[in-house]
Structures are given as C-alpha cells and as structure tokens.
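Asks: Just passing along the structure, written as structure tokens.
The values are calculated or read from the model by the stated rules, or taken from the named source; none is laboratory data. What you are looking at is a predicted structure, and each value in this text was computed from that prediction instead of being measured. Don't worry about glycine lacking a Cβ; one is built from the backbone with ideal geometry, like all the others, and counts go over all protein chains shown.
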Amino acid sequence: MKFETIRQKALLKASPCEVCQAYVDPLKQTEVTGSEASGSPMVGGRFTAWDGNISGKYLELEEGRKIVHDWKTTEWPKGYPASLVEITVTKKGGGTQLEMVHSKVPAEQADDYAEGWEEYYWKPLKKYFAKRE
C-alpha cells in the first residue's frame, strides 16, 4: 500500500465559525454541495457525505479553529484503512483562511481526490459564502 498527502488552502468570505459550521453541519453541507450529508458533529460522531459515498468519524472539533476526522469512500481500494483529514481555519483580512491536510490517501487515487476537494468543496464553499454579499 502506497499513500500520499494532499495539502490545500482556500480563502473564504466568512468567519472561521461559519466556515466550520458549513463543513460539519449536515444540513449546511447539503446546501453547499447539493448532495446529501448526514451525521453528528461531535467528537466520536459519525458522518456521511455525497449520498453516502464518503463516511467517517469526527476525532477533534474546535469551534472556529480545527476539524479532524477520518475519511473513507466507497471507491477506496479493498483493504485500505481510512485516511485522515485535518482542517484548520484562521481569520485573515475580512475572511477565513482554510488549510486542509488529507493524509493516508491511496497513491493511485490522490490526484483525483485533490481535484475533488477543489471542485466539490472549496469552490462550492466560496460560491455559498459569496451569495451573502
């Protein structure tokens, strides 16, 4: 098994708390992505996203600061363990700098998931918060 790490940043026009809520609140995530999400945003709480294709468990939640969870998709190669997603948010100017590190991603799928984060999370979040202006 070979793994890779994805590192990405996004600047969002919202407060750190609003960014965290849009990511962990299943109703808000459904609104942002247009795809069903469910779950319990608490440490130990489980979640699903993208109509159940993604699942995981929250390992650490610091409101307006940090989100850590394990992460797995139905497309994961058989036998691969869950990966780890660490998101930190900090106030920057009139918005929030989001930094994401997604580690233990199967090497053969890393490029696809790097593109997926950008297309299916960061761009929709930017659009979601831009609508409020």
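Asks: Do you know which of the residues in the stretch 35-65 that are part of a strand (DSSP E or B) and among the basic types (Lys, Arg) is farthest from residue 86 (Cα to Cα)?
Replies: 46
Asks: Right, another one. State whether one or more residues within the stretch 110-128 are part of a strand (DSSP E or B) and over 16 Å from residue 19 (Cβ atoms).
Replies: Within the stretch 110-128, not a single residue is part of a strand (DSSP E or B) and over 16 Å from residue 19 (Cβ atoms).
Asks: From the list 89, 32, 68, which residue is farther than 30 Å from residue 1 by Cβ and assigned to a strand (DSSP E or B)?
Replies: 89 is the lone residue from the list that is farther than 30 Å from residue 1 by Cβ and assigned to a strand (DSSP E or B).
Asks: Which one of the conditions (1) touching a helix residue (DSSP H, G or I) at 6+ places or on another chain (Cβ under 7 Å); (2) surrounded by 15 or more Cβ atoms within 10 Å (Cβ to Cβ); (3) of a type outside the set (Lys, Arg) does residue 63 fail to meet, given that it meets all the rest?
Replies: The single condition residue 63 does not satisfy is (2).
Asks: Given the criterion in contact (Cβ under 8 Å) with a residue 60 or more places away in the chain, exposed (fewer than 13 other Cβ atoms within 10 Å of the Cβ) and of a type in the set (A, V, I, L, M, F, W, C), identify the matching residue among 22, 14, 10, 107.
Replies: Only one candidate qualifies: 107.
Asks: Looking at 99, 63, which one is charged (D, E, K, R) and modelled with pLDDT under 95?
Replies: Of the residues listed, the single one that is charged (D, E, K, R) and modelled with pLDDT under 95 is 63.
Asks: Any idea how many residues of the stretch 78-104 are free of Cβ contacts under 8 Å to residues at least 40 places away in the same chain and β-branched (Val, Ile, Thr)?
Replies: So the count comes out to 2.
Asks: Mind checking which residues of the stretch 109-133 are of a type in the set (Asp, Glu) and either modelled with pLDDT under 95 or closer than 22 Å to residue 43 by Cα (or both)?
Replies: Matches in the stretch 109-133: 133 only.
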